[in-house]
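The values are calculated or read from the model by the stated rules, or taken from the named source; none is laboratory data. Remember, predicted model here, so these are calculated numbers, not experimental data. Note that we place each Cβ from the backbone using ideal geometry, even for glycine, and neighbour counts take in every protein chain shown. The accessibility values were calculated without ligands, DNA or RNA, using every heavy atom of the protein model including side chains. Shrake-Rupley method; radii C 1.70, N 1.55, O 1.52, S 1.80 Å.
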Amino acid sequence: MYAPINFLPAPFRSGFGMKGVIAEAHYDGGRNMVAMLKGAKRYILSPPKDCERLSIIKEKAHPSYRHSTADWSNMDADVRREFSQVSAVDTILRQGEVLYIPSFWFHYIISLDYSIQCNSRSGSPPGGEGSHDIELCMGGGSTPKRKPRR
């Protein structure tokens with residue numbers, strides 16, 4: 001079970017996870033720093049350029065919008081063939097470590113132990129890195145609008 005608990009001031013979030021809990025692959029629009037306070041989680045990260053190969057739900061009205069329909073832990077042959085062309089970084093985040101997840105990068109998360117984490121998101125990257133790939137894959141209006149500079 002994963003339970004986000006927001007007892008920290010914005011923009012901080014905390015979460016608790018039991019061993020074996022999976023967060024299906026998805027992307028977030030903001031840069032994300034994840035600090036592991038207890039336990040360990042495996043993160044598989046893929047860049048926005050691979051969006052078309054990740055079986056992402058593109059319908060905004062769908063409750064799992066921005067998430068993959070593929071079961072990354074048990075892929076069938078067709079999905080495995082498509083995923084063989086995907087770039088990925090596979091890492092384990094342990095207690096006391098911090099992971100930076102760039103905006104629009106897909107991440108699939110598996111709790112390896114009972115875990116406690118704290119996240120902080122800090123907005124879109126300068127120059128909108130990754131947003132172009134997401135717009136091409138997901139369609140218009142998929143990325144937050146940047147505020148004009150003064």
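Here segment 49-81 is the region considered, the condition is being open to solvent by less than 60 Å² (accessible area, probe 1.4 Å) and in contact with a Ser or Thr (Cβ under 8 Å, 6 or more places away or on another chain), and the residue that is nearest to Ile116 (Cα to Cα) is Ser68. Does Glu82 satisfy the criteria of being at pLDDT 90 or above, over 15 Å from the mean Cα position of the chain (by Cα) and assigned to a helix (DSSP H, G or I)? For Glu82, the condition - at pLDDT 90 or above, over 15 Å from the mean Cα position of the chain (by Cα) and assigned to a helix (DSSP H, G or I) - is not met.
Looking across segment 82-102 at every residue that is open to solvent by 80 Å² or more (accessible area, probe 1.4 Å) and of a type in the set (Ser, Thr, Tyr), the one that is farthest from Glu52 (Cα to Cα) is identified as Tyr100. Kindly evaluate Val34 against the criterion of being outside any strand (DSSP E or B), farther than 18 Å from Ile134 by Cβ, touching a residue at least 12 places away in the same chain (Cβ under 8 Å) and among the β-branched types (Val, Ile, Thr). The answer is no for Val34.
The set of residues from segment 37-65 being on the phi > 0 side of the Ramachandran plot and either in a helix (DSSP H, G or I) or modelled with pLDDT under 95 (or both) comprises just one member, Ser55.
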